[in-house]
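Worksheet: the structure to be examined is printed underneath.
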Amino acid sequence: MTTTADTVQTRVASPLRSYTDGRPVVEACGATVREVLADLDRRYPGMRFRMIDEQDRVRTHIRLYVDTVPVESLDHRVERGQTLHLICALSGG
Amino acid sequence: MPKHTTLWIGTRKGMFALRADARRRAWKLVGPQFLGHVIHHVVQDPREPRVVLAAAKTGHLGPTVFRSTDRGRTWTEARQPPAFRKATDGESLRAVDAVFWLTAGHASERGTWYAGTSPAGLFRSDDGGETWEPVAGFNDHPMHATWIQGPGSPIGQLLHSVRVDPRDTRHLYLGVSSGGVFESIDGGGDWRPLNAGVAADFLPDPDPQYGHDTHCLDLHPAHPDRLYQQNHCGIYRLDRPGERWTRIGAAMPRRVGDIGFPIVLHPTDPDRAWVFPMDGTSVWPRTSPEGKPAVYTTTDGGRAWRRLDRGLPRKQGWLTVLRQAMCADDELKNLGLYFGTTSGEIWASRNEGQSWACVARHLPQVFSVTAGV
């Protein structure tokens, strides 16, 4: 697997895997969470809007972490070797 | 080849289809599709029946629209689902929580669709639902925040019942819960409230211009100057160019009342309509009055109503039918009527409501039932 300097691993929660052909881990590029999400949306069209609303807010039942650090801003920096976790918080019934 | 009725069913846990045989006696349940998704509305394009749109979201994920171009066999997601424009400094941050309503556009505008959302927004697609744009004339109307206030419903404000005048592509109506009925005569560029005569007994003003709770609005397809609405506060009719609604629900039996969610019109006869009354007394159970479900029909524009309950539970039937969950097909000799319940049943009549049979049960909570082929 070829990785570039700003490639990060992204762990994808199961409700979003319809976009990644079922893969739980995918790669995307970017120096910030915003850039990684934009790249994910290029690779997997429609995925970003299911997590991030049109005002750039993370949706209520979505949580983002870089490694174990909660993402407070889409401008949160990510480094090579880190993992972005896309997590669906408990909801529904 | 005879066309067979298909019912498109949106539920809280996915989408189903019920396909009838030629006599509408046997029904085959197909699905689920999008299991686990909240499906508020599924609508087949009357201009191009191979096209079907479904409004979807899940408990976790944001809203979207799925499209089929092969009558529901395969689906793809809209490339650009309905979304408000990015707010500028100082503006409230509006985001679509759910796509609640879908309407195919005018017969002459193939590919045009309208969507209503929660919170209350109007969106338009001109490419068959692939991409959606906000209708700025409504969403950014200077009065929008004044017209539409409060939570509206347990799932928020709802924009629904988008209706296009079959004589004029630019003449539109819509309903908002809560907000009322609004009309545009310029293709959505400008809007005005159209609520005179409608009660809003949850507001302090006895005769407000807006703020009403329209549950379901329809325009008669063959006589488009006639509008009907089932409101939180009764059943109404308006004959344009009139401006003042008449409470035709006043002729309903007092013990039943005229509260409900859906109203269904006959495809050709403007005097005929069907409603499904619910209990709107005390704390508003919103179930069939006295646990005895019935459809009521009028054949004279609401001057009189007749009970239709043959085949429905005689007692202990506490049914709730939501605003998108009742419809008619287009079999004019013996019109088919259908409704779905929040308890997961689909009921069908193939004789204009004279008798009813349960054709599916054990489904998730039914949000919408629409007829297609």
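Can you tell me how chain B classifies by the Cα gyration tensor, rounded, prolate or oblate, using a/c under 1.5 as the rounded cut? Write down the numbers at each step before the final one.
On the way: a/c = 1.43, a/b = 1.09, b/c = 1.31.
Since a/c stays below 1.5, the shape of chain B is classed as rounded.
Under a straight-distance cross-link criterion of Cα-Cα below 19 Å, which aspartates and glutamates are reachable from B:K333, leaving out those fewer than 8 residues away in the same chain?
Within the straight-line cut-off, B:K333 pairs with B:D21, B:D269, B:D271, B:D300, B:E352.
Which whole-number percent is the relative contact order of the range A:7-88 (Cα, under 8 Å, 6+ apart)?
Numbers: 138 pairs, mean separation 31.3, N = 82.
So the answer I get is 38 percent.
What is the protein assembly as shown by shape, rounded, prolate or oblate, if you read a ≥ b ≥ c off the alpha carbon gyration tensor as root eigenvalues and call it rounded for a/c under 1.5, prolate for a/b larger than b/c, and oblate otherwise? Please report the intermediate quantities before stating the final value.
Values: a/c = 1.97, a/b = 1.60, b/c = 1.23.
Cα axes put the protein assembly as shown in the prolate bin.
How much length, in nm to one decimal, is gained on full extension between B:N351 and B:S108, taken as 0.36 nm per residue of separation minus their Cα-Cα distance?
Once the chain is fully extended between B:N351 and B:S108, it gains 84.3 nm.
With only Lys, Arg, Asp and Glu charged, each at its Cβ (+1 for the first two, -1 for the last two), find how big the charge dipole of the range A:7-88 is about the Cα centre; round to the nearest 20 debye.
Working: 13 positive and 12 negative charges, 52 e Å.
Computed charge dipole of the range A:7-88: roughly 260 debye.
Excluding residues on the same chain fewer than 8 positions from B:K57, give the lysines whose Cα lies under 16 Å from its Cα.
In chain and number order, the partners are B:K13.
With a/c under 1.5 counting as rounded, go ahead and sort the range A:7-88 into rounded, prolate or oblate using the C-alpha gyration tensor (a ≥ b ≥ c being the square roots of the eigenvalues; past the cut-off, prolate if a/b is larger than b/c, else oblate).
Details: a/c = 1.32, a/b = 1.07, b/c = 1.23.
Since a/c stays below 1.5, the shape of the range A:7-88 is classed as rounded.
Readers should treat all values here as calculations from the given coordinates under stated rules, not as data from a laboratory. Because the structure is predicted, anything quoted here is derived from the model rather than measured. Reconstructed Cβ throughout: ideal geometry from the backbone, glycine too, with neighbour counts over all protein chains shown.
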